[in-house]
Amino acid sequence: MIATGGTWTHERVEQLKSCLNAGFSCSQIAREIGVTRNAVIGKIARLKLVRVQDALASQRERRALPSAPRARIVTQHQILKALRAIPERAAGEPASGGANRCSLLELGQGKCRWPINEPGAVDFCFCGDQPVDGLPYCAPHARMAYHSPARARGVR
């Protein structure tokens, strides 16, 4: 039933377009024309055809989008730039001195993930202080973890 070789004649392309406009699925069109479903999908893509329902749905979505506020994407670079702009003492340094330290099992989303001591040591734990929004570490540990190579060498 499925034809091989040069299967896309002018008549089949016209049949594809009419079936697509009638709302048939790709499987239904493939059965109607006598080709595979993938052949139908590929031909639709190559001809840049659009289903009538899909076109109407995308127009409705486009009309609805401007009314919804867009989420502001904040990059890690912007977070670190703002962190470096805050004087170190105002950012809460020095660290809390270990009051919030926690184990791996106690470590959660709202805790600094900076490891204290070597893994496997008896007193190994994590900082546990309040992290900077968008980063896994508190302000003092974020300063230590994220620094540019120039800052590491002391070049300004």
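Tabulated data
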{"item": "Qualifying residues in region 111-149 (those that are under 15 Å from Arg84 (Cα atoms) and of a type in the set (Phe, Trp, Tyr)) - the one surrounded by the fewest Cβ atoms within 10 Å (Cβ to Cβ)", "result": "Tyr146"}
{"item": "Subset of region 6-46 (residues that are assigned to a helix (DSSP H, G or I), modelled with pLDDT of 90 or more and polar (S, T, N, Q))", "result": "Gln15, Ser18, Ser27, Gln28, Asn38"}
{"item": "Residue list for region 110-141, filter: at positive phi and not small (Gly, Ala, Ser)", "result": "Asn117"}
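The values are calculated or read from the model by the stated rules, or taken from the named source; none is laboratory data. Just so we're clear, the structure is a prediction, and the values are computed from it rather than from any experiment. As a convention, Cβ positions derive from the backbone with ideal geometry for all residues, glycine included, and neighbour counts pool all protein chains shown.
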